[in-house]
Amino acid sequence: MQIANDKAVSLHYTLTNMAGEVIDSSEDGDVLVYLHGQGNIIPGLENALAGKVAGDKFNVTIAPKDAYGEIVDNMVQVVAKEMFEGVEDLEIGMQFHADVSHGTGIVTIVAIDGDQITLDGNHALAGETLLFDVEVIDVRDATAEELSHGHIHGEGCHH
């Protein structure tokens, strides 16, 4: 069965950056299972998977625009430390949920200069070209419930 919209796809992957550093991998854990055509994975990888079948192995390079987007400068801002009332020790790398231009998002502290805290609302992989090494494990028809919910159900899913 070929990967197409509304198919449940199971795959193993290793994700590296252009420097060859491994960012993420499913090889030592559970397979990634997603519902094809529902935007559950980055567009570039979803497009590369279309038409593949169980057993296919391939490598694909995904440009930032088809992954987590380019870096958006206005998503970096400096705020006063008093905005973090109740948080004792602020550190670079800490993440918080915050209201951003497109709703609620995650912001990361990227710099601390006295009482000035620089936050970045870009995804950690924004601006990165990503390289995927992929093996398609299984392709099946999604259940009616999975289709109505827009994602795959499996172990740990509680609706």
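A few remarks follow.
- The largest-to-smallest principal axis extents of the Cα set in the chain are 58, 39, 28 Å.
- Each label point was placed 7 Å from the Cα along the Cα-to-Cβ direction; for ALA124 and VAL31 their separation is 2.6 nm.
- Counted by neighbouring Cβ atoms within 10 Å, the residues SER148, SER25, SER10 run from fewest to most as SER148, SER25, SER10.
- Structural size metrics of the stretch 73-120, computed from C-alpha coordinates, are Rg and Dmax of 10.2, 29 Å.
- Spacing of the two label points (7 Å from each Cα toward its C-beta) at ILE23 and ASN40, in nm: 2.1 nm
- Label point 7 Å beyond Cα of LYS81 along Cβ direction - residues of the stretch 109-139 with amide nitrogen under 16 Å: 109-119
- Across the stretch 73-120, the relative contact order, built from alpha-carbon pairs under 8 Å that are at least six residues apart, equals 43 percent.
No lab work stands behind these numbers, since they all come straight from the coordinates. Bear in mind the structure is a predicted one, so any value in this text is a computation, not a measurement. Positions of Cβ are generated from backbone atoms using ideal geometry, with glycine treated the same way; all protein chains shown enter the neighbour counts.
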